[in-house]
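What follows is a set of notes on a single structure, which appears directly below.
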Amino acid sequence: MPLVLPDVPLAPMLPILLTLLGAIAATVLGFFLPRRAVAIISLVSLGLSAVSMGTLWNKGQTAFNGSLQADNAAIALGMVLLIGSALAILVSLDTAGRARLNFPEFDAILMFAVTGTLVIAFSGDLVTLLIGLEVMSLSGYVLATLQDSRESEESGLKYFLLGATGSAILIYGIALVYGATGSLNFAGIAAAASGLQVLNSPLLVAGALMLLCGFGFKVALAPFHQWTPDVYGGAPTVVSLFLSTVVKVGAFAGMLRVFSGALHNAPNWLDILAILTAATLVVGNLAALFQTNFKRLLAYSAVAQTGFLALTLLGRPEVGGAALAYYLLVYTLTTAAALAVVAALQRTEAGLEISDMRGLYYRHPGYAVALAICLASLAGLPPFAGFMAKYMAFQAAFQNGYVWVAVLAALTSIAAFIYYMRVAALMFLPDRTPAREYPGARPATTFSVALGVVGITVLGILPNLAYAWVAFPGIWTQLAGT
């Protein structure tokens, strides 16, 4: 018999291997180097990973017989993941010491989480996706508990318990999908679902719905969002930044691979997702209206933004995929910049009370203007990128017949406008009380905030700078490799 060599080319694996190398370097070099040097090494590994992704654009390379796919969709989502990760590390350079996270293990675990998210984005079958999800989730549980405080330990425990439940449901869903289609490969599942016999259809429907519930835990779709406010509120702010951007983007990358690719032709899941999206929009926006702590408000805001992100999955893959990738980029830049401001100014990891925001412009004018721009973008006000992102999400759902969800999203945006603009207005009201913020220089954080603000402003005025890439012909119609 002829010798068959394994399909393990280096190029499509290189972006993931470079972040993994960064995680290993942080683990080993942490014994010999200060934490700041380890963080810089992690940033370098992220940069090298981005360069390696750029060389793979439009080549469609695979590894392990399609289990790992370095297609354009993976590269587009991977770039967003690397941007969010770099912003989190930059913010940590100024705030990790105050948050009692100034040790190399923080960078090591964070880089392992980034590696898991990239595995999800590059996955070509359910087993690879599951490996990435678990690496990401386990690292996230540890990150949430790294700070030596009761609040951090409580947030990590809640995250672990609910996340473990979500993982169990997701794994059961994978088993049912395999039983119905006889395949774990996305292309094989898509082909089987297109011509599935009526006998196996209920099994596929059950598996798809369990996968949807499992991903619902990961991305914080209602009613699976219960962990979000407590975890984001109790975890160190820089960890909340990472969880609300990079981890969420990774989970949505998995949803896109599974539902817009492998299970696109499976019945019933779209209608259930529409109901979950509607519930998420209502719960997230209404709960945020009654928050008095700004960090907790941003946590419920993240739930509401999950609803808008899920709107894109209701559209056809060629429309919804591009809208989701653009929205994830805008959401990452905006949320990272907003939480970076909180991390820079807070005196404790509980964050800032909304009443403490009064007069911020007179104490920190740059941060106040930046935060106001971020809040305007999250509210969907032009000319910032959040407006275009929401418009594309509405369009994706509307064009595929989910008019009622798009209308509900527009109505709940009114509530979002109220709680975002309430904080923005307070910052510019006069206040004669002493400064409540943490003193000191924060160059890396300021740079991160500036990057986020410039990004959402430029992408709002010139959206095609990013949208032209994420809407590249054929990028989303070939998610399942068919």
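Summary table below
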| read-out | value |
| --- | --- |
| Qualifying residue in segment 317-329 (condition: surrounded by fewer than 24 Cβ atoms within 10 Å (Cβ to Cβ), touching a helix residue (DSSP H, G or I) at 6+ places or on another chain (Cβ under 8 Å) and aliphatic (A, V, I, L, M)) | yes |
| Filter pass, residue 178 being part of a helix (DSSP H, G or I) and closer than 14 Å to residue 258 by Cβ | yes |
| Residue within segment 331-338 that is open to solvent by 30 Å² or more (accessible area, probe 1.4 Å), over 21 Å from residue 464 (Cβ atoms) and either in contact with a Pro (Cβ under 6 Å, 6 or more places away or on another chain) or not aliphatic (A, V, I, L, M) (or both) present | no |
| Test result for residue 132, at pLDDT 90 or above and either farther than 23 Å from residue 13 by Cβ or in a helix (DSSP H, G or I) (or both) | yes |
| Candidate set: segment 177-190, residues that are open to solvent by 30 Å² or more (accessible area, probe 1.4 Å) and not aromatic (Phe, Trp, Tyr); chosen: the one modelled with the lowest pLDDT | 182 |
| Selection from segment 41-59 of residues that are surrounded by 15 or more Cβ atoms within 10 Å (Cβ to Cβ) and either closer than 18 Å to residue 13 by Cβ or among the β-branched types (Val, Ile, Thr) (or both) | 41, 45, 46, 48, 49, 50, 52, 53, 56, 57 |
| Candidates 372, 415, 480, 441, filtered to the one that is modelled with pLDDT under 90, within 24 Å of the chain's Cα centre (by Cα) and over 20 Å from residue 318 (Cα atoms) | 415 |
| Filter result (within 15 Å of residue 307 (Cα to Cα), aliphatic (A, V, I, L, M) and either in contact (Cβ under 8 Å) with a residue 12 or more places away in the chain or crowded, with 23+ Cβ neighbours inside 10 Å (or both)) within segment 385-421 | 389, 392, 393, 396, 397, 405, 406, 408, 409, 410, 415, 416 |
| One residue from 299, 304 being in contact (Cβ under 8 Å) with a residue 40 or more places away in the chain, aliphatic (A, V, I, L, M), closer than 30 Å to residue 148 by Cβ and surrounded by 24 or more Cβ atoms within 10 Å (Cβ to Cβ) | 299 |
| Selection within segment 279-295 - assigned to a helix (DSSP H, G or I) and either open to solvent by less than 10 Å² (accessible area, probe 1.4 Å) or farther than 16 Å from residue 309 by Cβ (or both) | 280, 281, 284, 285, 286, 287, 288, 289, 294, 295 |
| Of residues in segment 99-114 being open to solvent by 10 Å² or more (accessible area, probe 1.4 Å) and under 18 Å from the mean Cα position of the chain (by Cα), the one farthest from residue 184 (Cα to Cα) | 109 |
| Wholly enclosed helices (runs of 4 or more DSSP H) of segment 191-262 bearing at least 3 residues farther than 28 Å from residue 75 by Cα and open to solvent by 30 Å² or more (accessible area, probe 1.4 Å) | 201-219 |
| Unique match (being in a helix (DSSP H, G or I), farther than 26 Å from residue 258 by Cα and under 14 Å from the mean Cα position of the chain (by Cα)) among 87, 118, 93 | 87 |
| The listed residue being surrounded by 24 or more Cβ atoms within 10 Å (Cβ to Cβ), at pLDDT below 90 and either among the polar types (S, T, N, Q) or under 17 Å from residue 15 (Cβ atoms) (or both), out of 85, 149, 123, 155 | 155 |
| In segment 126-145, the residues that are of a type in the set (A, V, I, L, M, F, W, C), under 20 Å from residue 185 (Cα atoms) and in contact with a Leu (Cβ under 8 Å, 6 or more places away or on another chain) | 126, 127, 130, 133 |
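The values are calculated or read from the model by the stated rules, or taken from the named source; none is laboratory data. Worth saying up front: this structure is predicted, and the values here are computed from it rather than measured. Don't worry about glycine lacking a Cβ; one is built from the backbone with ideal geometry, like all the others, and counts go over all protein chains shown. Ligands, DNA and RNA are stripped out before the accessible areas are found, and what is left, the full protein with its side chains, is counted by its heavy atoms. Shrake-Rupley method; radii C 1.70, N 1.55, O 1.52, S 1.80 Å.
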